[in-house]
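Encoded as structure tokens, the structure appears first; notes follow it.
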Amino acid sequence: MSAAPLKSDLPVVQDTFGRPLRSLRLSVTDRCNLRCNYCMPEEEYTWLPRETLLTFEEMTTLTEFFTELGVDKVRLTGGEPLLRKDLPTLMRMLRRNPRITDLALTTNGVLLAEQAQAFYDAGLHRVTVSLDTLKPERFKALTRRDMFESVLKGIEAVGQAGFKGLKLDTVAIRGYNDDELTDLIEYGKRMEAEVRFIEYMDVGGATDWSMDKVFSRQAILALLEQRYGHIEPVIEDSSAPAQRFSLPDGTTFGIISSTTVPFCSTCDRSRLTADGMWFLCLYATQGVDLRQSLRAGVSRDEIKARILAGWQGRADRGAERRKELEPLGIRARLVEIERLREDPRLEMHTRGG
Ligand code: SF4
């Protein structure tokens with residue numbers, strides 16, 4: 001592999017809104033060992049055929065193409081990524097790419113306790129664990145799996161392995177866990193983790209979504225201000241989805257408010273499904289099939305040209321468009337169940353959230 005120029009030498013590739021191609025969410029599997037109601041509420045799912053899943057070599061090659069066009073942040077996602085065997089091998093392969101300055105992982109934590117050390121040793125930079133409740137019975141009700149204790153052990157293993165900057169992602173749902181937000185903040189303090197509250201999103205697969213279940217950014221701030229006092233926004237130049245805030249004691253937390261206060265204007269993220277479909281937005285219904293090109297022997301430069309053209313033509317702002325439907329009273333389920341059965345790539349769990 002020729003020593004391609006590092007980031008500073010690369011031209012910034014921008015979309016039609018001037019947003020740079022910077023962050024790639026790489027789904028390594030569409031399978032999951034939980035059934036969180038806000039993501040996988042149905043009993044039956046159509047899975048991606050195993051033979052269509054990218055190999056680690058194919059993932060590494062495609063990621064290289066993206067990094068040669070400006071990507072420097074890669075997040076491993078799923079489904080549940082730890083269901084993909086031998087993940088440390090992929091991490092080591094990606095870490096050989098000097099242009100990847102931030103390699104992160106989002107997991108539900110169920111299988112993390114056994115693997116955290118191997119991830120650390122393989123060069124993973126950061127870990128985010130989904131944790132929506134501290135109540136075992138509620139966890140079971142939400143996920144339809146009795147795996148709460150495994151998740152807590154997984155979270156503990158992150159710090160023990162040597163990782164810093166652990167993040168805990170909590171989907172805040174009205175009437176479900178809005179009475180636990182301060183407990184989750186306190187738990188985060190004990191685990192030296194930053195909690196990010198995520199508004200319930202009407203993405204593909206969220207077939208149980210409705211606006212009255214959304215516990216908004218405004219409601220979250222009001223509730224936390226009542227408990228902790230004045231909350232300060234953290235001023236920082238970041239394209240990360242979470243807006244961060246600081247409590248009077250300096251504890252920081254984040255809010256990802258895609259439903260009520262969308263942040264599409266700074267979105268530098270795109271997603272590659274485990275079978276190589278490239279989506280320019282979480283709400284996009286059409287993608288670019290990079291696996292087919294790669295397996296058909298299309299040249300490196302030709303595939304990079306397709307990625308370049310795809311990004312330069314990008315005008316996606318899915319969450320903003322969803323919000324524009326509200327005054328019209330037509331903001332409801334994004335994709336019907338029958339359509340999801342036909343094309344599982346429309347499901348959020350195939351594109352890694
Ligand atoms: S909705 Fe689409 S454009 Fe908006 S922040 Fe999410 S992925 Fe980016």
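The values are calculated or read from the model by the stated rules, or taken from the named source; none is laboratory data. Only a predicted model underlies this, so the values are computations on that prediction, with no experimental measurement involved. Cβ placement follows ideal geometry from the backbone for every residue including glycine, while neighbour counts extend to all protein chains displayed. Please note that ligands, DNA and RNA were not included when accessible areas were found on the heavy atoms of the full protein model with its side chains. Shrake-Rupley method; radii C 1.70, N 1.55, O 1.52, S 1.80 Å.
What to note about this one:
- Strands (runs of 3 or more DSSP E) wholly inside region 191-277 containing at least 1 residues that are at pLDDT 95 or above and aromatic (Phe, Trp, Tyr): 194-199, 243-246, 252-256
- Extreme residue, nearest to the ligand (Cβ to nearest atom), among residues of region 258-271 that are of a type in the set (Ser, Thr, Tyr) and surrounded by 23 or more Cβ atoms within 10 Å (Cβ to Cβ): Ser258
- Residue count for region 115-140 satisfying the condition of being part of a helix (DSSP H, G or I), touching a residue at least 12 places away in the same chain (Cβ under 8 Å) and out of contact with any strand residue (DSSP E or B) (no Cβ under 8 Å at 6 or more places or on another chain): 8.
- When region 272-283 is limited to residues that are more than 8 Å from the ligand (Cβ to nearest atom) and touching a strand residue (DSSP E or B) at 6+ places or on another chain (Cβ under 8 Å), the one that is nearest to Ala315 (Cα to Cα) turns out to be Phe279.
- Residue check, Asp249 surrounded by fewer than 21 Cβ atoms within 10 Å (Cβ to Cβ) and away from the ligand (no atom under 16 Å from the Cβ): yes
- Only one of Asp343, Asp289, Asp316 that is under 23 Å from Glu68 (Cβ atoms), of a type outside the set (A, V, I, L, M) and out of contact with any Cys (no Cβ under 9 Å at 6 or more places or on another chain): Asp289
- Among the residues making up region 274-295, a single one is open to solvent by less than 10 Å² (accessible area, probe 1.4 Å) and either within 29 Å of Arg217 (Cβ to Cβ) or of a type in the set (Lys, Arg) (or both): Phe279.
- Selected residue [in contact (Cβ under 8 Å) with a residue 60 or more places away in the chain, within 14 Å of the ligand (Cβ to nearest atom), open to solvent by less than 50 Å² (accessible area, probe 1.4 Å) and part of a helix (DSSP H, G or I)] from Ala315, Ala319: Ala319
- Residues located in region 48-71, provided they are within 27 Å of Val129 (Cβ to Cβ) and open to solvent by less than 10 Å² (accessible area, probe 1.4 Å): Leu48, Leu54, Met59, Leu62, Thr63, Phe66, Thr67, Val71
- Checklist (1) open to solvent by less than 30 Å² (accessible area, probe 1.4 Å); (2) closer than 22 Å to Gly310 by Cβ; (3) not in a strand (DSSP E or B) applied to Leu76, failing item: (3)
- Output for region 322-353, where each listed residue is surrounded by 14 or more Cβ atoms within 10 Å (Cβ to Cβ) and closer than 20 Å to Val261 by Cβ: Arg322, Lys323, Arg331, Leu334, Met348, Gly353
- Beta carbons closer than 6 Å, at least 6 apart along the sequence or on distinct chains, pair a first residue in region 283-296 that is closer than 21 Å to Thr207 by Cβ with a second that is within 13 Å of the ligand (Cβ to nearest atom) for Tyr283/Gly318; Ala284/Asp316; Gly287/Trp278; Gly287/Phe279.
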